[in-house]
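Following: one structure in structure tokens, then a few remarks.
The values are calculated or read from the model by the stated rules, or taken from the named source; none is laboratory data. What you see is a predicted model; the values in this text were computed from it and never measured. Positions of Cβ are backbone-derived with ideal geometry, glycine not excepted, and every protein chain shown enters the neighbour counts.
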Amino acid sequence: MRQMAHLGRVGVWTFALDQQPAARAKELVAEFEALGYGTVWIPEAVGRDALVNSYLLLSGAERIAVATGIATIYARDALAMSAGWKTVSEAFPGRFVLGLGVSHQPMVEGMRGQEYGPPLTAMREYLDQMDSAPYFASPPTVEPERVLAALGPRMLELARDRTAGAHPYNVPPEHTSQAREILGPGPLLAPEQMVILETDPAVAREIARKTLAIYFPGLPNYANNLRRLGFTEEDLTAPLSDRLVDAIVAWGDVDAIRTRVQAHHDAGADHVCVQVLPGTNIDDLMRDYRVLAEALL
């Protein structure tokens, strides 16, 4: 294991905790810890504030880490992000990872009413501002950790040079292999992997397509990354091709899910963030995470 071994080899990626009352969300994080998952990854879009939510969830358990997947740089200025990062890191030493990302133009301009800048330049300048931001509160006793939501080669290089590593989303193991080559042997590589415990191909792909419709074709960063991997406009046109669906979403029995997670590890991942679909019913979601814990951990 490379850096940040405290994250474990397998974690949970989910938006479902936002749909639960705060007290229940904390209980679920404690259960994830008891099951053996190393980290809970949470998004930031139109739900709870990512930094406040991280503090909330961390207070519900003793060892498990929480990571933002991702906190968008357009949600708060660099000084505020730096202060929040250090506040949570000081309160929970070694248990918080700040995942940063540039989000997507439709979300930044359409929902936030801000101008979406060139992603690489915007992130580089934001990191510069974070690094120079003053902070006069009690500092973390353990070095705070951050990673980037990196897909393309240049953002992966920035993650390698300026942060602890990368958290790619919506990627197959082929991307993990390329990302590891760019990052080199040291930095963390923690790809997200959607999974469905369903053996009927038609049912599984229908569930997968409903989720992927959120991302394709409306969020161009993901589509552009898949084009670099050889996917065509036909693959990316609704309804998404079986080839694309099967590459992004692992479905089948427990062995099929285990095989896909292992494929990421074999390709160079240190930590795989497993997102169970559809994720709309918390009881079904937890049932599947319990089953997968026995197989993956």
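If you go through the range 187-204 and keep only what is under 25 Å from Ile73 (Cα atoms) and either modelled with pLDDT under 95 or touching a Leu at 6+ places or on another chain (Cβ under 8 Å) (or both), you end up with Leu188, Leu189, Ala190, Met194. Within the range 41-68, the set of residues being modelled with pLDDT under 95 and closer than 13 Å to Ala22 by Cβ comprises Gly47 only. Thr211 falls short on exactly one of the conditions (1) modelled with pLDDT under 95; (2) assigned to a helix (DSSP H, G or I); (3) hydroxyl-bearing (Ser, Thr, Tyr), and that condition is (1). Checking every residue in the range 103-119 against the condition of being more than 19 Å from Leu57 (Cβ to Cβ), modelled with pLDDT of 95 or more and outside any strand (DSSP E or B) gives at least one match. The residues in the range 257-288 that are within 21 Å of Pro168 (Cα to Cα) and in a helix (DSSP H, G or I) can be counted, and the count is 11. Looking across the range 21-51, the residues that are out of contact with any helix residue (DSSP H, G or I) (no Cβ under 8 Å at 6 or more places or on another chain) and among the aliphatic types (A, V, I, L, M) come down to Ala23, Ala30, Ala34, Val46, Ala50. For the criterion of being acidic (Asp, Glu), modelled with pLDDT of 95 or more, surrounded by fewer than 17 Cβ atoms within 10 Å (Cβ to Cβ) and over 20 Å from His167 (Cα atoms), Glu33 fails. Evaluation of Asp253 against the conditions (1) under 24 Å from Gln105 (Cα atoms); (2) in contact (Cβ under 8 Å) with a residue 24 or more places away in the chain shows that the sole unmet condition is (1).
You will find that of Val108, Val40, Val46, Val66, the residue that is surrounded by fewer than 21 Cβ atoms within 10 Å (Cβ to Cβ) and either closer than 24 Å to Gly279 by Cα or of a type in the set (Ser, Thr, Tyr) (or both) is Val46 and no other. For the range 181-219, the set of residues classified as closer than 21 Å to Asp235 by Cα, of a type in the set (D, E, K, R), in contact (Cβ under 8 Å) with a residue 40 or more places away in the chain and buried (at least 17 other Cβ atoms within 10 Å of the Cβ) consists of Glu192, Arg205, listed by residue number.
Within the range 275-297, residues that are within 18 Å of Ala34 (Cα to Cα) and surrounded by fewer than 15 Cβ atoms within 10 Å (Cβ to Cβ) sit with their Cβ atoms under 8 Å from residues that are among the hydroxyl-bearing types (Ser, Thr, Tyr) and at pLDDT 95 or above, at 6+ positions apart or across chains, in these pairs: Leu297/Tyr37.
A count restricted to the range 131-167 and to residues that are closer than 25 Å to Phe92 by Cβ, crowded, with 21+ Cβ neighbours inside 10 Å and among the hydrophobic types (A, V, I, L, M, F, W, C) stands at 7. In the range 180-209, which residue that is among the aliphatic types (A, V, I, L, M) and within 15 Å of the chain's Cα centre (by Cα) is farthest from Tyr222 (Cα to Cα)? The residue in question is Leu188.
So that you can scan it fast, the table gives a plain yes or no per residue for (1) in contact with a Phe, Trp or Tyr (Cβ under 8 Å, 6 or more places away or on another chain); (2) in a loop (DSSP other than H, G, I, E, B):
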site: Leu151; (1), (2): yes, yes
site: Asn170; (1), (2): yes, yes
site: His175; (1), (2): no, no
site: Arg180; (1), (2): no, no
site: Val195; (1), (2): yes, no
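Among the residues of the range 221-243, are any acidic (Asp, Glu) and not in a helix (DSSP H, G or I)? No, every residue in the range 221-243 fails to be acidic (Asp, Glu) and not in a helix (DSSP H, G or I).
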